[in-house]
Amino acid sequence: MMSTSGFREGIAQLIAGVLLLAGLTGCSWGGDEPEAAASAETADQATSITQLLQRRAAAVRAGDRTAFLADVDPTRTAFVKAQTRYFDNLRELPLGRFAYVVPTGAVTPAANGRLRATISVMLRLRGFDAVPVETPARYTFTSTDDGRILLAGVRDRRWEQQNDIDPAPWDLGRIEVESTPHVLGIFDPDSVDAAYQIMDSVEDGITVVSQEVPLRWSGKVVVYALSDIDVLRSLDNLPGGDPDRLDGVAFPVRAGPGSHKLASTRFMLHPRMIYRNDATRDRLIRHELTHVAIGRRDDSVPTWLSEGIAEYVSVQPIATYDRMISRDAVEVARRGLDVLPADATFNGPESGSNYGVAWYVCEYIASTWGEESLWRLFDEMRRGQGTSEAGQDTVLREVLGVDSGELARGAGSKILATFG
C-alpha cells in the first residue's frame, strides 16, 4: 500500500538553489560570543561559501552523494558520516524545494581561523507544505592551505537553544519514509516496523475526520512516529510542558521564525504509542487529525472546546457501549461538576479528568441542541479576535441559552448517566 517510489520519481523536478539576498532585513538571530565586525568578511569568502552551498543544493537535485560530500571537511570523520546520512534522508523526502538563503553579511570570522555563516535552509515537502519552511542554521567552515573552503559543521546547539530553533527529524538521525496517497510518515529504523499499521490507521482516520469536521482542509498530513522523544521535546508550547505526559501532539509548522504563514500542521506520536496497535491508538490518531483539520482555527477558543471537539470526533466510529472515559472524569462528576476546565491548568496534573469533561461537554451539547450547534458554537467562539474564558458565557448564552455553569452541570450528569 505504501511506497516512496512516487516521491523518488518526482525528485527530478525538485527546485533547488541558493539565494544571495542583498540587504536582507527582518532576519536576525542572537549569538553567544562576540563576532568580528561584518567588515572583516571578504567578498571572496562570501562568494566561495555561496558557491559551495549552491553545489550542495544541486547535488541533492541530481541525487549525487559524491558531489554533496565533496565540500565536506574529510578530516572530520563523524561529520562526514552525519552528512552522508543527511543526504540520504533528503533523498527519502518528497522535496518540492530545497535551497539555502545566505543574507548579506552572514559570513564572519570565528575562532581558530574558521568562518561562520548564519544562513537559512529552505525546504518544502511537495504535496504537504503550503509554502517552504525556512529554518535558520549556523554553519562552520574551514580553509585549507591552498585557500579552499570546506564545510566543517552545520549545528550549533547552544545557538539553536538561544534562538528557539527546532531541528527536524531528518536533521537529527536516520529516517525511514513511507507514504500513502494522503499521508507522509516519518519513521526511524527502530519504529519503521510499525509503519504499515500506523499509516493504515491514519488513512482511515482522515476518512472519518473528513466526514465529521465541517471545515475545509487538505485531507493530507505528515506524521512523525519516532523511537525517541528528541523532536517531541523540542516543540514550542508543548501542552503541559512534559513530553512524557503526551501520547501524541499536533503542532504547527510555520514558514519561518516570526512568520504568520503556516506551512502545515503535522502530528507526532509518543514512542510508547508506536507499537500499540489497538483501538486506543486509532482513537488518539483521530484526535490529533482533528486538530490538523481544524488547524489554527481553534487558536482563539477556550481549550475545553478545542480538545473536547477533538475527543468528540475521535470516538465517532466507536460503538457507544465501547467508549471509555477516564476514572478521574467520573470522580469529578460525582463530586459535582459546576465549572468548565480552565485554559491555564487544562494540561496540568488533572489533564485526565479535563479531557474527559471537555469531551462530555461536547457530547452534552450535541445530544441536547444537535451536533450542528456544537460547530456553530465553535464558529462563534472563534469569531473576530476569539473568545476568552471571561467572555465565554456571553457566547454560550447567545448560541445555547445557558452559561458555563449550567453547561458543566449538564455534562456532569451525562457522564454519570453513561458511566455511573
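The values are calculated or read from the model by the stated rules, or taken from the named source; none is laboratory data. Here the structure is a predicted model, which means the values were calculated and not measured. Reconstructed Cβ throughout: ideal geometry from the backbone, glycine too, with neighbour counts over all protein chains shown. Each accessible area value is taken on the protein alone, full model and side chains, heavy atoms only, with ligands, DNA and RNA left out. Shrake-Rupley method; radii C 1.70, N 1.55, O 1.52, S 1.80 Å.
What the table shows:
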read-out	value
From Leu123, Leu115, residue being of a type in the set (A, V, I, L, M) and at pLDDT 95 or above	Leu123
Residue check, Glu134 in contact with a helix residue (DSSP H, G or I) (Cβ under 6 Å, 6 or more places away or on another chain) and in a strand (DSSP E or B)	no
Candidate set from segment 299-318 (those that are not hydroxyl-bearing (Ser, Thr, Tyr) and not in a helix (DSSP H, G or I)); member that is nearest to Gly248 (Cα to Cα)	Val315
Qualifying positions in segment 162-213 - in contact with a Leu (Cβ under 6 Å, 6 or more places away or on another chain) and surrounded by fewer than 17 Cβ atoms within 10 Å (Cβ to Cβ)	none
Residue match in segment 118-128 (condition: touching a residue at least 12 places away in the same chain (Cβ under 8 Å), of a type in the set (A, V, I, L, M, F, W, C), farther than 22 Å from Val222 by Cα and part of a strand (DSSP E or B))	yes
Cβ pairs under 6 Å, 6+ apart, first in segment 224-249 and under 21 Å from Glu307 (Cα atoms) and among the β-branched types (Val, Ile, Thr), second at pLDDT 90 or above and surrounded by 15 or more Cβ atoms within 10 Å (Cβ to Cβ)	Val249/Met268
Conditions (1) of a type outside the set (Phe, Trp, Tyr); (2) open to solvent by less than 40 Å² (accessible area, probe 1.4 Å); (3) more than 16 Å from Asp244 (Cα to Cα); number of the one not met by Met268	(3)
Residues that are hydroxyl-bearing (Ser, Thr, Tyr), touching a Gly at 6+ places or on another chain (Cβ under 9 Å) and open to solvent by 30 Å² or more (accessible area, probe 1.4 Å), drawn from segment 291-343	Ser300, Ser326
Hey, Ala168 in contact with a strand residue (DSSP E or B) (Cβ under 7 Å, 6 or more places away or on another chain) and among the hydrophobic types (A, V, I, L, M, F, W, C) or not	no
Subset of segment 314-337 [aliphatic (A, V, I, L, M) and touching a Leu at 6+ places or on another chain (Cβ under 8 Å)]	Val330, Ala333
Residue list for segment 75-104, restricted to those being touching a residue at least 24 places away in the same chain (Cβ under 8 Å), surrounded by fewer than 16 Cβ atoms within 10 Å (Cβ to Cβ) and more than 19 Å from Asp171 (Cβ to Cβ)	Thr104
Residue match in segment 166-176 (condition: aromatic (Phe, Trp, Tyr), modelled with pLDDT of 95 or more and within 24 Å of Ala225 (Cα to Cα))	yes
Residue ranges of helices (runs of 4 or more DSSP H) in segment 345-420 with at least 3 members within 18 Å of Thr303 (Cα to Cα), of a type outside the set (S, T, N, Q) and open to solvent by 40 Å² or more (accessible area, probe 1.4 Å)	371-381
Some residue of segment 107-117 being open to solvent by less than 40 Å² (accessible area, probe 1.4 Å) and either more than 24 Å from Thr47 (Cβ to Cβ) or free of Cβ contacts under 8 Å to residues at least 24 places away in the same chain (or both)	no
